[in-house]
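One structure is given below, encoded as structure tokens.
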Amino acid sequence: MKKIAYIAGVALIGVGALTSCTLDAINYVEKTPDNFPVTADEATQGLAGIYENLNQVNATPQQSFFYLSMLASDDNLGGGGKNDKLMQAMDLMLNYQNDMTRQFWTDRYQGINRANSLLAGIPNIQLSENERNQIEGEAKFLRAFFYYELCSQYGPVPLVLTTDEVVPSQTTAAQCWGQILQDLRDAAANMPATRRTDGHVDKYTAEAMLGRAWLFYTGMYCNGEDLSALTSTSYNPLTEVALPDGTTLTKQEVIGYLDDCVENSGYDLVPDYRNLWAYTNKYTVEDYDYTAGQGLKWVEDDSAVNPETLFAIKFNKLASWSTTIGYANGYALHFAIRNQSYEATFPFGTGWGAGPVAPNLYTDWQAAEPTDMRREASIQLVRELPNYVYGGAGDWVQETDYYQKKQLSITARYTADDGTVQYAPVFDQLMYGETGWQNPGGLLQTGNIHDMVLIRFADVLLMQSELKEDVSGINRVRNRAGLEPIGAYSLQALQNERRWELAFEGVRWNDIRRWHIAAQALEKQTNQAIYLDGVPSQNTAHAGGYAARYNATAGFAKIPDTEISLANGALTQNPGWAGADSEYNAW
């Protein structure tokens, strides 16, 4: 009988772990592909268990790939206070504690095992061809997405594709990424050509993710798999990739999938860029000077479906700090402004202060596109907030003049029963109702429930332009921003457009790595103007500096020490993490 799989000594709970168990003649306590799933309803339960892994990782967002991709990029610094060493370590590509990101590693493998369990059980279920293709496609998409994040964060990781007990083994990048691309290719090819608006991924989401995975692998590994190849400044991306099933995926095939997504999916750009972001919600928009009086309306107001979102993590009002914290948007809490009152940060919330915007992004953007409305739509110059205090309560590292607006907690202003003006998180589970304000509470940790969008249609247009080396997608995105079209395609123009359009959406880190410009881009953060405890200072080099640390690691994080130990020699630590000079001590 197939058992629940283990990797590096960590239990990976199967899909049955989320369902109620009944002791019967069949052993429902240990559900396996031989007894679960056997019905369409159980297959749906299995899918729910895989999707739940998105929120499970959000319970500890500070260890996730999205968090790392924000802080390690050249567009954000680490931030936080003096004790928030993990934030600063991620920015500096240094290690803090032995198992700095182990929870993310174990959580993602749990999601992978759930996907493996469902995929192994699908042959036992009576389903129509469309139902089978949809369920199998969703499971393969999610398995590929989980591996995409793991392989982006750690490099080649143990590749587990069955529910059999396995001994972890080191794999190559070609093996890992071949499987990721094959899963996404199969999902894109076989899922029904129907756009989903019910929270499930669809064929077009798989096509978009295929483009993202293709661009990263064929760029990052175009020179080979060793450290010198990965950190080389030579960029000549691969045009075909061998897949595990013996087929070959070509660049032209990936272009075909992206063309299908652009032309046939029904996804589209939101007409006004500002309406993508939660600060235009109906309770805040007219009280925020930047948005007041402009007829703006958040695209997610009143539970509307965002036509630009292909893939997002959903949140709800059921989060509990002690049990189900992952159902709240923890990223909004972590990236929110530190050590301030709601009045001082309005319309943005307060939180842990991760990821202050690197000043070099603002100056680069202003120099390249001085009239680009997306800059002010994406970045708040905090000195323009009337009650903002630099340094807050006096414990702040790498504060800058700038905060990004896309991932922050959002607040609203209301008049209390006693006539005083009050502020609170607009998405507080007690407050954001159809009839308006209801018993304002102010739940700092669990009051953020707006979506975290992972793939937007604008990204698809830019990937299409990049692979086809034309300006159609670029200019469609620029037109939405009110900018003049560009006449001829260039890689530099594409790189700039992705940086401006997709700023603070978790894609910049892998972009600069796959283009082989990371060391140079990261080094621009050195000596940038910052504040330490409210006092002007500079962003100083640590452990040789940003470029040195990137060239030592290729941007791959340290594999958790416990996983290395439990693997009994089957896993090798990534380069750049062996010496004391890889450890972060303090600012």
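Numerical summary
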{"read-out": "Probe 1.4 Å, protein heavy atoms only - accessible area per residue of the stretch 430-587 in square angstrom", "value": "38 Å²"}
{"read-out": "Radius 11 Å from Cβ of N339, net charge of other residues (Lys, Arg +1; Asp, Glu -1)", "value": "-2"}
{"read-out": "Heavy atoms of K251 accessible to a 1.4 Å probe, total area in Å² rounded to 10", "value": "60 Å²"}
{"read-out": "Radius of gyration and maximum dimension Dmax of the stretch 456-506, Cα, Å", "value": "9.7, 28"}
{"read-out": "For Q404, residues with placed amide H under 5 Å, excluding near neighbours", "value": "V357, Q380"}
{"read-out": "Radius 13 Å from Cβ of A548, net charge of other residues (Lys, Arg +1; Asp, Glu -1)", "value": "-1"}
{"read-out": "Residues of type aspartates and glutamates that K317 reaches as a straight line, Cα spacing below 13 Å, ignoring anything fewer than 8 places off in the same chain", "value": "D428, D451"}
{"read-out": "At 1.306 mPa s and 10 °C, Stokes D of the stretch 471-587 from Kirkwood alpha-carbon radius, µm² per second", "value": "91 µm²/s"}
{"read-out": "Carbon plus sulfur fraction of accessible area for the chain, probe 1.4 Å, in percent", "value": "48 percent"}
{"read-out": "Computed [θ] at 222 nm, deg cm²/dmol, the chain (DSSP H ≥ 4; -39,500 (n - 2.57); rounded to nearest 500)", "value": "-11500 deg cm²/dmol"}
{"read-out": "Radius 9 Å from Cβ of N53, net charge of other residues (Lys, Arg +1; Asp, Glu -1)", "value": "0"}
{"read-out": "The stretch 136-263: equivalent-ellipsoid semi-axes (sqrt of 5 x gyration tensor eigenvalues, Cα, Å)", "value": "24, 19, 12"}
{"read-out": "Unit Cα scatterers, Debye sum, the chain: log10 I(q)/I(0) for q = 0.07, 0.11, 0.12 Å⁻¹", "value": "-0.40, -1.06, -1.28"}
{"read-out": "Kirkwood Rh, angstrom, the stretch 54-107 [1 / mean 1/r, Cα pairs]", "value": "11.3 Å"}
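The values are calculated or read from the model by the stated rules, or taken from the named source; none is laboratory data. Predicted, not measured: the structure shown is a model, and the values here were computed from it. Positions of Cβ are backbone-derived with ideal geometry, glycine not excepted, and every protein chain shown enters the neighbour counts. Just the protein is used for accessible areas: all its heavy atoms, side chains included, with ligands, DNA and RNA removed. Shrake-Rupley method; radii C 1.70, N 1.55, O 1.52, S 1.80 Å.
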